[in-house]
Structure formats: structure tokens, C-alpha cells
Amino acid sequence: MANLGKVRKEDLRLLAEELNLNVGVNMQIADLSKLITTHPDYDEDLSKNQLTIIAEDRKLREQQEMVRKQQEFEKEN
């Protein structure tokens, strides 16, 4: 998981939850990464692919939210 580049904690948290791992409320990025990579069923390629999809979905949601806010702003003015 070290070569994944920059990942957000929320993305790692979602990945861990999708893998049915017990995620603590205050877990840091390093803790989440260790939790994922030390799991007996850990598959690096699968995890990287899932993390990529999670990040792309998050970015899409963020873009959609920005468009929605921009449209609301334009409606008001």
C-alpha cells in the first residue's frame, strides 16, 4: 500500500469497511493501511483497484456537489 501515492483517510476507511474490517473511529491513515495490508485475505492488486474506484467516486460526488452549488448560486442572482 506504500506505493499508492496520496490517499485520503476517508477512502482508506471505505476500503476497510468494504473488506468487512473493524474500523476504529480515531484510526489514522497509517493504522488503516496496516489494518488492510495485514488482513489474511489482503490482495494488493484488488485493494489498489478498489481504492481507485472509491477515490474516483468521491471525486465525482465532489464535482456534482460543486455544480449543484453553482447552479443554486446562479438561481439566486
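The values are calculated or read from the model by the stated rules, or taken from the named source; none is laboratory data. Since this is a predicted model, take the numbers as computed values, not measurements. Virtual Cβ from ideal backbone geometry, glycine too; neighbours counted across all protein chains shown.
Taking residue 53, is it of a type outside the set (Lys, Arg), modelled with pLDDT of 95 or more and surrounded by fewer than 17 Cβ atoms within 10 Å (Cβ to Cβ)?
yes
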Residue hits (the range 20-71; touching a residue at least 24 places away in the same chain (Cβ under 8 Å) and not polar (S, T, N, Q)) are 36, 44, 48, 51, 54, 55, 58
When every residue in the range 18-77 that is among the acidic types (Asp, Glu) and not in a helix (DSSP H, G or I) is compared, the one nearest to residue 6 (Cα to Cα) is 43
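Residue 7 - would you say it is in contact with a Lys or Arg (Cβ under 7 Å, 6 or more places away or on another chain) and either touching a residue at least 24 places away in the same chain (Cβ under 8 Å) or in a loop (DSSP other than H, G, I, E, B) (or both)? Step through it out loud before you land on a result.
Values: in contact with a Lys or Arg (Cβ under 7 Å, 6 or more places away or on another chain): no; either touching a residue at least 24 places away in the same chain (Cβ under 8 Å) or in a loop (DSSP other than H, G, I, E, B) (or both): yes.
Judged against the criteria, residue 7 is not a match.
Results for (1) at pLDDT below 95; (2) under 16 Å from the mean Cα position of the chain (by Cα); (3) exposed (fewer than 11 other Cβ atoms within 10 Å of the Cβ), shown as yes or no for each residue.
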| position | (1), (2), (3) |
| --- | --- |
| 5 | yes, yes, yes |
| 18 | yes, yes, no |
| 25 | yes, yes, yes |
| 63 | no, yes, yes |
| 67 | no, no, yes |
